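Asks: Pasting in a structure now, in structure tokens, and then I'll have a few things to ask.
The values are calculated or read from the model by the stated rules, or taken from the named source; none is laboratory data. Just so you know, these numbers come straight off a predicted model, no measurement behind them. Cβ: placed from backbone, ideal geometry, glycine included. Neighbour counts: every protein chain shown. For accessibility, only protein heavy atoms count, side chains too; no ligands or nucleic acids. Shrake-Rupley method; radii C 1.70, N 1.55, O 1.52, S 1.80 Å.
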Amino acid sequence: MSEVVQPASLALAVSRPKTSPFDWRRAVPLLLAAPLLIYMLVFYALPVVAMLLRSVNDPTWTLSHYATLLDDVVFQKTFWITINTSVTVTLGCLILGYPVAMGLVRAKSMAPFILVVILLPFWTSVLVRSYAWMVLLGRHGLVNEALLALGMIDRPIRILNTPLATQIAMIHILLPYMILPIANALRQIDPSLIRAASGLGSTPFMTFRQVILPLSMSGVAAGTLLTFVLALGFYITPAMVGGPRDITLSMLIAQQVDQLNWAYAATLSAVLLATALAILAVARKLPGVGNAFRTSMR
Amino acid sequence: MTGMGTNGAGSGPVSGRGASVTLSNLEKTYDRANAAKAVDGVSLDIRSGEFLTMLGPSGSGKTTTLMMIAGFETPTAGDIAIDGKSVVAMPPYRRNIGMVFQNYALFPHLTVEENVGFPLKQRGVPKAERAKLVAEALELVHLPGYGARYPRQLSGGQQQRVAVARAVVFRPRLLLMDEPLGALDKQLRENLQLEMRRLHADLGITFIYVTHDQEEALTMSDRIAVMNDGKVAQVGSPEDLYDRPDNRFVAGFIGESNFLPAVVRGMEDNIVIAECEGALIRALCPGRPASGEKVTLTTRPERLRFADGVWAGTPPQNRLSVTVTEAVFAGERCRYMLQAGDGTSIVLKEPSSATIRRRAVGERAEIAWSVADTILV
């Protein structure tokens, strides 16, 4: 966030010579953000800290909750399913989303229409969309009926309440998070570079490989990270359309809360949070991705 | 080098190192409702090894014409032939043409070396040979040792040189340049103009250069095609265009011109005699205008003199009485605004000298200039 605030405050500081030791102008951005910061502190940061404390202070100071995770088979299976689902969903979003982003950027008069099609599901609640997928993927849903009518299957197949259903629904819900950063990066590519490549003897495919793809990597990195981290914490969709035995971390946490098993739920939450933060930290160190953060924020 | 990859455009009747380009009735209309023709019947023969500049104001169709030669725009009608072979149906990447863009269009994610090597890589030139050719090209533009840098680490002038190196490294027979010096400051622009000329002489290939800067066009080109409203207004050497403009647009666009309204009174060989402000003025005229026809004569401000000055040879024939309305001393020369009898404004530029008397505002004077410097447009 500091990247967003800094340039503005710098510009203010540069444009006026400093007269007093404390420059009130510098404080303006901070003051403007203060109401939200206080709100976030009280209703977000404090509960998170309380939750983290609970994982090491229940009933007394102890790391035993973490230690038990090491040979907790349920946790390990859940963790693996969560990572596996997130990776699959992210890859699915990338493969389906990149061409759409290219289409969105290339389309001239159609662009607003494509954008609405991308964003329409975005404005619908996750709950509604998950219900919609239950209807579509059910035993007598549209997908099964269509496959039966086409004669590709003899009797309805089980799609709902399988990992596949979770993946299909999550890809659908997360696609805009992949498409928009990629489209943003593609839009920033100077069209004369593509002309130059063509003029210098590069076929359309070679131009894509050597110019468009490398220059859009910042968007790919941003979209991938965003999608992956959001997928890690998905709860409603896997709970509604996923299999009863394919439990993700967030489902396990909800289950433990229901059973008032607060310390275990807090420990799992801490692990989920740490995983997301670790991925972000590693990604920032990768060459090119750190720049992607800065460019996508500008 | 000739066997290098996609050499589609280079296989016609070939003469010399440069390609010849023939534009025949080239037209371009953008498919907008009632849009005017961006390019409207351009026919042009560009000779092998020539430095041809397309000069014109913005919207004159010069860049659109260049983009059609490069293959980035498709003509609505007409034909483009390179070395006698039509290229209209050929995609840009098969035309084998070098191109320098106004904003350089260097690939920001590639080093200078990779940028210059880009066209070679597309043509499948092996790595070792690529490195050698890239080094040669960087040498040619005076940037040896800059290979490992990224474009953003270079100044505008250096980026422009890299763009030129990249455009010629694969030895194209034709180089297109779209206002390549437009973004640079005056000093640098003048240096690079000379370098472009040297490069043209060294490479011996055909250059087609687009600019709106008449001084640049006059300095660099073998021939200039002046464009206006999607048409070629005149093609000729810089001297031709400056001394013998075909029409009012060319006379006004290249250099400064005085326009004198006149009425034709007679002809002597190819010299027209016309009455202007009560005086008879003689002018060069290729056609045969009818007596009594209303015409415009044009002459350059620096070719006019005050008639009472000192003359090296025979005093010139054309004379006109004027009143000085404005006198500006501009260092190397004096610039006078004059008014003839009924209000026609005339500009006169006189080299400054301590021995020449400066005229005062309101002073009456007679100006004189030679018939050879007067054109009917």
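Asks: Can you find, within the range A:206-227, the residue that is surrounded by the fewest Cβ atoms within 10 Å (Cβ to Cβ) among those that are hydrophobic (A, V, I, L, M, F, W, C) and more than 12 Å from every other protein chain (Cβ to nearest Cβ)? Show your work before the answer.
Replies: Step one: of the range A:206-227, the residues hydrophobic (A, V, I, L, M, F, W, C) are A:206, A:208, A:211-213, A:215, A:217, A:220-222, A:225-226.
Going one step further and asking which of them are more than 12 Å from every other protein chain (Cβ to nearest Cβ), we end up with A:208, A:220-222, A:225-226.
Working: A:PHE208: 16, A:VAL220: 23, A:ALA221: 24, A:ALA222: 24, A:LEU225: 22, A:LEU226: 19.
The selected residue is A:PHE208.
Asks: Hey, does the range B:315-324 have a residue that's under 23 Å from B:TYR242 (Cβ atoms) and within 30 Å of the chain's Cα centre (by Cα)? Show your work before the answer.
Replies: At the first step, the residues of the range B:315-324 found to be under 23 Å from B:TYR242 (Cβ atoms) are B:316-318, B:320.
Still in the running and within 30 Å of the chain's Cα centre (by Cα): none.
No, the range B:315-324 contains no residue that is under 23 Å from B:TYR242 (Cβ atoms) and within 30 Å of the chain's Cα centre (by Cα).
Asks: A further question follows. Of A:ALA107, A:ALA45, A:ALA33, A:ALA111, which residue is surrounded by 11 or more Cβ atoms within 10 Å (Cβ to Cβ), small (Gly, Ala, Ser) and closer than 21 Å to A:LEU277 by Cβ?
Replies: Working: A:ALA107 fails: closer than 21 Å to A:LEU277 by Cβ; A:ALA33 fails: closer than 21 Å to A:LEU277 by Cβ; A:ALA111 fails: closer than 21 Å to A:LEU277 by Cβ.
The match here is A:ALA45.
Asks: Take the residues in the range B:24-39 that are buried (at least 20 other Cβ atoms within 10 Å of the Cβ) and not β-branched (Val, Ile, Thr), then tell me which one is modelled with the lowest pLDDT. Let's see the steps before the verdict.
Replies: Filtering the range B:24-39 for residues buried (at least 20 other Cβ atoms within 10 Å of the Cβ) gives B:26, B:28, B:38-39.
In the following step, the residues that additionally are not β-branched (Val, Ile, Thr) were identified as B:26, B:28, B:38.
Details: B:LEU26: 96, B:LYS28: 94, B:ALA38: 91.
It comes out as B:ALA38.
Matching residues to (1) within 30 Å of A:PHE75 (Cα to Cα); (2) touching a residue at least 24 places away in the same chain (Cβ under 8 Å):
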site: A:PHE208; (1), (2): no, no
site: A:LEU213; (1), (2): no, no
site: A:LEU225; (1), (2): yes, yes
site: A:PHE228; (1), (2): yes, yes
site: A:ILE236; (1), (2): yes, yes
site: A:ALA239; (1), (2): yes, no
site: A:ILE247; (1), (2): yes, yes
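Asks: Only residues in the range B:322-350 that are without any contact (Cβ under 8 Å) to a residue 24 or more places away in the chain count as the first member; pair them with residues that are among the charged types (D, E, K, R) and not in a strand (DSSP E or B), Cβ under 8 angstrom, at least 6 apart or cross-chain, and list the lot.
Replies: Listed pairs, sorted by first residue: B:TYR336/B:ARG359.
Asks: Hey, another quick one. May I ask you to say which residue of B:LEU143, B:LEU120 is under 28 Å from B:GLU50 (Cβ atoms) and at pLDDT below 95?
Replies: From the options B:LEU143, B:LEU120, the qualifying one is B:LEU143.
Asks: For A:VAL128, indicate whether it is open to solvent by 60 Å² or more (accessible area, probe 1.4 Å) and either part of a helix (DSSP H, G or I) or in contact with a strand residue (DSSP E or B) (Cβ under 7 Å, 6 or more places away or on another chain) (or both). Talk me through it step by step, then tell me what you get.
Replies: On the way: open to solvent by 60 Å² or more (accessible area, probe 1.4 Å): yes; either part of a helix (DSSP H, G or I) or in contact with a strand residue (DSSP E or B) (Cβ under 7 Å, 6 or more places away or on another chain) (or both): yes.
So A:VAL128 passes the test.
Asks: Does the range B:269-277 contain any residue that is under 29 Å from the mean Cα position of the chain (by Cα), more than 27 Å from B:ASN228 (Cβ to Cβ) and surrounded by 13 or more Cβ atoms within 10 Å (Cβ to Cβ)?
Replies: Checked against the condition, which is being under 29 Å from the mean Cα position of the chain (by Cα), more than 27 Å from B:ASN228 (Cβ to Cβ) and surrounded by 13 or more Cβ atoms within 10 Å (Cβ to Cβ), the range B:269-277 yields at least one hit.
Asks: Let me ask something additional. Could you tell me which of the residues A:TRP133, A:TRP123 is assigned by TED's automatic domain parsing to the domain that holds A:ILE168, open to solvent by 30 Å² or more (accessible area, probe 1.4 Å) and modelled with pLDDT of 90 or more? Walk me through how you get there before you give the answer.
Replies: Numbers: A:TRP123 fails: modelled with pLDDT of 90 or more.
Residue meeting the stated conditions: A:TRP133.
Asks: Here is a follow-up. Among the candidates B:LEU181, B:LEU218, B:LEU192, which residue alone is crowded, with 18+ Cβ neighbours inside 10 Å and either among the basic types (Lys, Arg) or not in a helix (DSSP H, G or I) (or both)? Write out each step before concluding.
Replies: Values: B:LEU218 fails: either among the basic types (Lys, Arg) or not in a helix (DSSP H, G or I) (or both); B:LEU192 fails: either among the basic types (Lys, Arg) or not in a helix (DSSP H, G or I) (or both).
B:LEU181 is the lone residue from the list that is crowded, with 18+ Cβ neighbours inside 10 Å and either among the basic types (Lys, Arg) or not in a helix (DSSP H, G or I) (or both).
Asks: Same structure again: Only one residue in A:THR166, A:THR227, A:THR162 is farther than 30 Å from B:ARG123 by Cα and in contact with a Cys (Cβ under 6 Å, 6 or more places away or on another chain). Which one? Before the answer, list the steps.
Replies: Working: A:THR166 fails: in contact with a Cys (Cβ under 6 Å, 6 or more places away or on another chain); A:THR162 fails: in contact with a Cys (Cβ under 6 Å, 6 or more places away or on another chain).
Criteria check complete, one pass: A:THR227.
Asks: Then there's this: So the check is Cβ under 8 Å with 6+ separation or different chains; which pairs have a first residue in the range B:124-153 that's under 19 Å from A:SER202 (Cβ atoms) and a second one that's in a helix (DSSP H, G or I) and open to solvent by 80 Å² or more (accessible area, probe 1.4 Å)?
Replies: B:ARG130/B:LYS121; B:VAL134/B:GLU113
Asks: Out of A:GLY290, A:GLY219, A:GLY243, A:GLY233, report the one residue that is closer than 22 Å to A:PRO99 by Cα and either out of contact with any Gly (no Cβ under 8 Å at 6 or more places or on another chain) or at pLDDT below 90 (or both).
Replies: Details: A:GLY290 fails: closer than 22 Å to A:PRO99 by Cα; A:GLY243 fails: closer than 22 Å to A:PRO99 by Cα; A:GLY233 fails: closer than 22 Å to A:PRO99 by Cα.
Result of the check over A:GLY290, A:GLY219, A:GLY243, A:GLY233: A:GLY219.
Asks: Restricting the first residue to the range B:195-207 and requiring it to be more than 16 Å from B:ARG223 (Cβ to Cβ), which pairs with a second residue that is in a strand (DSSP E or B) meet a Cβ separation below 8 Å and a spacing of at least six or different chains?
Replies: B:LEU203/B:LEU175
Asks: Could you tell me how many of the residues in the range B:56-75 are in a helix (DSSP H, G or I) and open to solvent by less than 40 Å² (accessible area, probe 1.4 Å)?
Replies: Kept after step one, since they are in a helix (DSSP H, G or I), are these residues of the range B:56-75: B:62-70.
From what is left, the residues that are open to solvent by less than 40 Å² (accessible area, probe 1.4 Å) are B:62, B:64-70.
Looking only at that region, the number is 8.
Asks: Quick check on my filter: what residues within the range B:234-284 are outside any helix (DSSP H, G or I), at pLDDT below 95 and small (Gly, Ala, Ser)?
Replies: B:GLY255, B:SER257, B:ALA262, B:GLY266, B:ALA274, B:GLY278, B:ALA279, B:ALA283
Asks: For A:THR90, state whether it is touching a Gly at 6+ places or on another chain (Cβ under 6 Å) and surrounded by 12 or more Cβ atoms within 10 Å (Cβ to Cβ). Even if it seems obvious, please write down each step before you answer.
Replies: Details: touching a Gly at 6+ places or on another chain (Cβ under 6 Å): no; surrounded by 12 or more Cβ atoms within 10 Å (Cβ to Cβ): yes.
No.
Asks: Of everything in the range A:144-157, what is more than 26 Å from A:GLY97 (Cβ to Cβ), open to solvent by less than 50 Å² (accessible area, probe 1.4 Å) and of a type in the set (A, V, I, L, M, F, W, C)? Give them in sequence order.
Replies: First, pick out the residues of the range A:144-157 that are more than 26 Å from A:GLY97 (Cβ to Cβ): A:144-145, A:148-157.
When the remaining residues are screened for being open to solvent by less than 50 Å² (accessible area, probe 1.4 Å), the result is A:144, A:153, A:156.
Selection gives A:ILE153 alone.
Asks: Okay, next question. Quick one: B:GLU114 ticks every box in (1) open to solvent by 30 Å² or more (accessible area, probe 1.4 Å); (2) under 24 Å from A:MET217 (Cα atoms); (3) in a helix (DSSP H, G or I); (4) in contact (Cβ under 8 Å) with a residue 24 or more places away in the chain bar one, so which box is it?
Replies: Checking B:GLU114 against (1) open to solvent by 30 Å² or more (accessible area, probe 1.4 Å); (2) under 24 Å from A:MET217 (Cα atoms); (3) in a helix (DSSP H, G or I); (4) in contact (Cβ under 8 Å) with a residue 24 or more places away in the chain, the one that fails is (4).
Asks: Which count do you get for residues in the range B:92-103 that are more than 7 Å from chain A (Cβ to nearest Cβ), outside any helix (DSSP H, G or I) and either surrounded by fewer than 24 Cβ atoms within 10 Å (Cβ to Cβ) or of a type in the set (Val, Ile, Thr) (or both)?
Replies: Residues that pass the stated criteria total 2.
Asks: Say we look at the range B:288-305 and pick out the residues that are touching a residue at least 60 places away in the same chain (Cβ under 8 Å) and not in a strand (DSSP E or B); which of these is most open to solvent (accessible area, probe 1.4 Å)? Talk me through it step by step, then tell me what you get.
Replies: Pass one, the range B:288-305, residues touching a residue at least 60 places away in the same chain (Cβ under 8 Å): B:289, B:295-300, B:303-305.
Those still in the list that are not in a strand (DSSP E or B) too: B:289, B:300, B:303-304.
On the way: B:PRO289: 24, B:ARG300: 11, B:ARG303: 71, B:LEU304: 1 Å².
The qualifying residue most open to solvent (accessible area, probe 1.4 Å) is B:ARG303.
Asks: Name every residue in the range A:158-205 that is within 14 Å of chain B (Cβ to nearest Cβ) and open to solvent by 50 Å² or more (accessible area, probe 1.4 Å), in order of residue number.
Replies: A:GLN188, A:ASP190, A:PRO191, A:ILE194, A:ARG195, A:PRO204, A:PHE205
Asks: Next question. Could you grab me the full set of residues in the range B:109-119 that are touching a helix residue (DSSP H, G or I) at 6+ places or on another chain (Cβ under 6 Å) and at the interface with another protein chain (Cβ under 7 Å from one of its Cβ atoms)? If you could, list the steps in order and put the result at the bottom.
Replies: Here is the first cut: in the range B:109-119, the ones touching a helix residue (DSSP H, G or I) at 6+ places or on another chain (Cβ under 6 Å) are B:109, B:112-113, B:115-117.
B:HIS109 - this is the single residue of the range B:109-119 that is touching a helix residue (DSSP H, G or I) at 6+ places or on another chain (Cβ under 6 Å) and at the interface with another protein chain (Cβ under 7 Å from one of its Cβ atoms).
Asks: In the range B:131-159, which residue that is farther than 26 Å from B:ALA201 by Cβ and among the charged types (D, E, K, R) is surrounded by the most Cβ atoms within 10 Å (Cβ to Cβ)?
Replies: Residues of the range B:131-159 farther than 26 Å from B:ALA201 by Cβ: B:131, B:148-153.
Subsequent filtering for residues that are among the charged types (D, E, K, R) retains B:149, B:152.
Numbers: B:ARG149: 15, B:ARG152: 8.
That would be B:ARG149.
Asks: I've got another one for you. Which condition does B:GLY124 not pass, out of (1) under 30 Å from B:HIS212 (Cβ atoms); (2) within 13 Å of chain A (Cβ to nearest Cβ), if it passes all the others?
Replies: If we test B:GLY124 against (1) under 30 Å from B:HIS212 (Cβ atoms); (2) within 13 Å of chain A (Cβ to nearest Cβ), just (1) comes out false.
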